[in-house]
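Structure first, then comments.
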Amino acid sequence: MVAVNVVVLAGRLSDEPEVKVMPSGDQVTRFRLHVPEAGKRVLPLPVSAWDRLARKGCERLVRGDAVLVRGHLVTRFFRDGGGGRSVTEVVATEVRKLESEGEK
């Protein structure tokens with residue numbers, strides 16, 4: 001069986017992207033993408049972009065921008081106090097603005 005893990009989403013940034021430099025020297029940009037679901041619900045999804053994409057592809061993104069994100073899903077498990085938690089996020093391989101500055 002072939003495993004495929006590809007995600008393509010279009011939505012709006014719900015907050016300002018957060019840029020961090022990891023101890024390894026890698027740069028990561030994280031933001032939350034609000035994607036409309038059926039009806040009036042909106043699904044907030046965490047997105048991270050690494051290295052070159054974090055530096056070049058996300059440098060001009062601001063809250064409210066409409067973007068297209070391509071990537072794959074990653075689930076991380078960790079201990080939180082007495083129990084465990086999991087976080088699923090999109091690791092982006094492409095982030096593209098869907099509108100120009102004058103279209104907002």
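The values are calculated or read from the model by the stated rules, or taken from the named source; none is laboratory data. Since this is a predicted model, take the numbers as computed values, not measurements. Cβ coordinates were reconstructed from backbone atoms using ideal geometry, including for glycine residues, and neighbour counts include every protein chain displayed. For the accessible areas, the whole protein counts, side chains as well, though only heavy atoms, and no ligand, DNA or RNA atoms are used. Shrake-Rupley method; radii C 1.70, N 1.55, O 1.52, S 1.80 Å.
For Lys20, the accessible area of its heavy atoms, probed at 1.4 Å with every protein chain present, is near 90 square angstrom. In the set (i) 17.4, 64; (ii) 14.8, 50; (iii) 16.4, 62, the label that goes with Rg and Dmax of the Cα atoms in Å computed for this structure is (ii).
Backbone phi angles across the range 30-35, fed through the Karplus curve with coefficients 6.51, -1.76 and 1.60 (θ = phi - 60°), yield HN-Hα couplings of 10, 8, 9, 9, 8, 10 Hz in residue order; Gly and Pro are listed as x.
Quick one: work out the % antiparallel among DSSP beta bridges in the chain, nearest 5.
95 percent
May I ask for the longest run of the chain untouched by GluC sites (Glu not before Pro) that are loop-located per DSSP and have at most 15 neighbouring C-beta atoms (other than their own) within 10 Å?
60-98
Annotation: extensible slack from Thr93 through Lys20 equals 24.5 nm (criterion: 0.36 nm per residue apart, minus Cα-Cα distance). Taking all protein chains in place and a 1.4 Å probe, what share, in percent, of the accessible surface of the chain do carbon and sulfur account for? Result for the chain: 52 percent of the exposed heavy-atom area is carbon or sulfur.
Per residue, the chain exposes 69 Å² of accessible surface when a 1.4 Å probe is rolled over the protein heavy atoms with every protein chain present. Given a Förster distance of 35 angstrom, what is the FRET efficiency for Ala66 paired with Ala3, based on the Cβ-Cβ distance and rounded to 0.05? My answer for the efficiency is 0.70.
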